[in-house]
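Visitor: First the structure, then my questions, so here it is.
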Amino acid sequence: MTTSVTNNRLRGLLSFWPIVTLLALVCSVFLLLVPVWNIVSLSFAGKEGGAGVFENYVMFFSEPYYYRSLINSFIVSISATVLALVIGIPAAYIVSRYNIWARSLIKTAVVLTFVSPPFIGSYSWVILLGRKGVLTQFFAEWGISLPSIYGAPGIIFVFTLQYFPFVFLLVSSGLKSIDQSVEDAARNLGSGEARTFFTVIAPLLLPSITTGALLVFIAAFTDLGTPIILGEKFRVLPVLIYGEFVNDFGGAPVLASTLAVLLLIVTTGALLLQRWLARRYAYATAAIRPLVMQSPRPVKRIAASLFIYGLILLALLPMVNIIISAFLKSNGPVLVAEFTFDNFDKVWRLAGGPLKNTLVFTTIATLMCAVMGTMIAYIIARRPGKISALLDTAVMFSYAVPGIVLGVGLVVTYHNPPLALTGTPLILILAYFIRRLPFSVRSSVSALQQLSKDTEEASINLGAGPGMTFLKITVPLLSMAILSGALLTWSNTIRELSATLVLQSGRTTTMSVEIFNEVANGNFGTASALGMTLIVLTFLPLVLLFTFMGKSEEALV
């Protein structure tokens, strides 16, 4: 009897879902938790005869060169967050509530701004507003001196335009969940539009607003490309981490690990704060009759339209500049008003190298995310318990781990034999996989929560095993959610820069790194052609997502 019970338990442990759960936990542990643990441990590795385990932290907070970078990061991130709220909330309200011309086109423009790699927009602003920029020289001829695009003001300006879509998309989604009766009640009691918004609608939007604000903060705080291009002497924490890592490469990047831990503490704290705020201000509302479209007075409509169109044109200006620059003859950083296709010669020369690497690495990582993400989503949604909760937490933790922190952690963990993976295609694919896994998990979990278990249970009762039921029944039902998650994964993976800069070698260079190198070398024409190619590759999956799958723009966040 005891032997029979033992055999049954053993068969249960060796069945499909326990094995999948174990595999998912192993991936999370060795690709995320162990690398993070190793950089935390390395950050406490003091020098012999030094100040002990906190030596590196003592040095960081004692030297202005180091702690100033943390202060600078807070300055630009908080400033960009506030400005993103200032422009993102009214923009979302106007587009969602006012009957202005080309509303759908405006949302498409916001998506274009959102998916454009931040560092591409940064060097585009250098072309426009740099010391020898097109707009700088144009206004100088009229005796007008434009503000510098370099330093903290330029970084804040670019961050605001790049990341306000977080706020726009989330607030737009939040407005869809508010019932018209809420507004009608306030207006019937004599409240004007502005007062109704601030006293009735805004409180219901608090989860969307706080989530958008914290996403902007995290994105700005962890961005590497923009501060490198625009920062000059203004150093932020991610740039300092990258500089220290490059200096320590080949050895133990102790100081880089210390800085990475500080960055991780901030982003993890922001993520925990966001989740607490979301629970604290969550309102169970269902829009039986969504907020109706308004037809404001002509003056208000004109003012609202000018605000929206001006914001969108400003946000899209870098992308328009990239497209134009890609077809202009260039002499290093100088662009000549002469049409040419010469800049695209570099794209064709890179087809067998960085372009191929980008497509191959992104495709493999996306497929891995689709497969593993769907199975993890099933475990979370259909097999609740302590282990599935732990797995859910581990997957969501990857949201909080910045790319450069993950890159440093993977180098620390897998730089030496027997697992010397640094610089190989495998380490990049694994980094992309674990970093973007939440997109597939979140997409499939949402779909599973709307599906009944009856069909799956009937399949199992008829003799099909759990694995066969999952493949034959669940996967087809989830096909659209799986494809949606895969398209989002692709669009976010193909433009990854920070982790790639740390993990790549000459033979594994990607398009993002190649663009970054061309910008650093002042080859703006070539960089524009490469950037245009990357933008097209990023946006094509989203065209499928929105056009053929009927997804809304809010799916991006």
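Read-outs throughout are calculated quantities, based only on the coordinates presented, and are distinct from any laboratory measurement. All values reported here derive from a predicted model rather than from experimental measurement. Every residue, glycine among them, receives a Cβ derived from its backbone with ideal geometry; neighbour counts consider all protein chains shown.
Visitor: Mind listing which chymotrypsin sites (Phe, Trp or Tyr not before Pro) in the stretch 88-123 are in a DSSP loop and have 16 or fewer other Cβ atoms within 10 Å?
Guide: When the chymotrypsin sites (Phe, Trp or Tyr not before Pro) of the stretch 88-123 are filtered for loop state and at most 16 Cβ neighbours within 10 Å, Trp101 remain.
Visitor: Suppose we take every Cα in the stretch 269-409 and form the convex hull; what volume per residue is that in Å³?
Guide: So the per-residue hull volume is 277 Å³.
Visitor: Next question, about the same structure. Counting only helical runs of four or more DSSP H residues, what would the 222 nm mean residue ellipticity of the chain come to if each run contributes -39,500 (n - 2.57) and the total is spread over all its residues?
Guide: Here the helix-only value at 222 nm equals -22500 deg cm²/dmol.
Visitor: Translational diffusion coefficient, Stokes-Einstein: compute it for the stretch 148-292 using the Kirkwood radius over C-alpha pairs as Rh, at 4 °C and 1.567 mPa s, and state it as an integer in µm² s⁻¹.
Guide: Roughly 72 µm²/s, to the nearest whole number.
Visitor: Which order results if Ser62, Ser191 are arranged by neighbouring Cβ count within 10 Å, fewest first?
Guide: Ser62, Ser191
Visitor: Would you tally the net charge around Gln274, using a Cβ to Cβ cut-off of less than 15 Å, leaving Gln274 out, and scoring K and R as +1, D and E as -1?
Guide: Charge balance in the 15 Å sphere: +4.
Visitor: Report the relative contact order of the chain, percent, no decimals, based on alpha-carbon pairs under 8 angstrom and at least 6 residues apart.
Guide: 21
Visitor: Could you order peptides 339-348, 173-182, 136-145, 430-439 by the average number of other Cβ atoms within 10 Å of their residues, highest first?
Guide: Top of the packing list down: 430-439, 173-182, 339-348, 136-145.
Visitor: What Kirkwood hydrodynamic radius do you get for the stretch 26-116 when you take the inverse of the mean 1/r over all pairs of distinct Cα atoms, in Å?
Guide: Roughly 18.0 Å, rounded to one decimal.
Visitor: Which net charge results when you count Lys and Arg as +1 and Asp and Glu as -1 among the other residues whose beta-carbon is under 14 Å from that of Ala520?
Guide: Surrounding charge for Ala520 is -3.
Visitor: If you average over every viewing direction, what projected area does the convex hull of the Cα atoms of the stretch 345-388 give, in nm²?
Guide: Approximately 3.7 nm², given one-decimal rounding.
Visitor: Can you report the principal axis dimensions of the stretch 146-220 using only the alpha carbons, biggest first, rounded to whole angstrom?
Guide: Principal-axis extents of the stretch 146-220 (Cα, largest first): 51, 25, 13 Å.
Visitor: Can you list, largest first and rounded to whole Å, the semi-axes you get for the chain by taking the square root of 5 times each eigenvalue of its Cα gyration tensor?
Guide: Three semi-axes, in Å: 38, 34, 24.
Visitor: Give the shape of the stretch 19-170 as rounded, prolate or oblate, defined through the alpha-carbon gyration tensor: a ≥ b ≥ c are the square roots of its eigenvalues, a/c under 1.5 means rounded, and otherwise the shape is prolate if a/b is larger than b/c and oblate if not.
Guide: The shape class here is oblate.
Visitor: At 1.567 mPa s and 4 °C, plugging the Kirkwood radius over alpha-carbon pairs of the stretch 392-468 into Stokes-Einstein gives what diffusion coefficient in µm²/s?
Guide: Result for D is 84 µm²/s.
Visitor: What helices in the chain pass both tests, a Cα length along the helix axis of 24 Å or more and a mean Kyte hydropathy of 0.5 or higher, using whole DSSP H runs?
Guide: 64-97, 151-176, 202-222, 254-280, 298-326, 354-382, 425-448, 524-543
Visitor: Another question, then. Straight-line reach from Lys453: which lysines have a Cα under 28 Å away, not including same-chain ones fewer than 8 places off?
Guide: Lys386, Lys472, Lys551
Visitor: So, one more: Enumerate the lysines that Lys132 could reach by cross-link, defined here as Cα to Cα under 27 Å, with residues fewer than 8 away along the same chain left out.
Guide: Straight-line reach from Lys132, under 27 Å: Lys233, Lys329, Lys346.
Visitor: Which value, to two decimals, describes the C-alpha radius of gyration of the stretch 79-237 once divided by 2.2 N^0.38 Å?
Guide: 1.23
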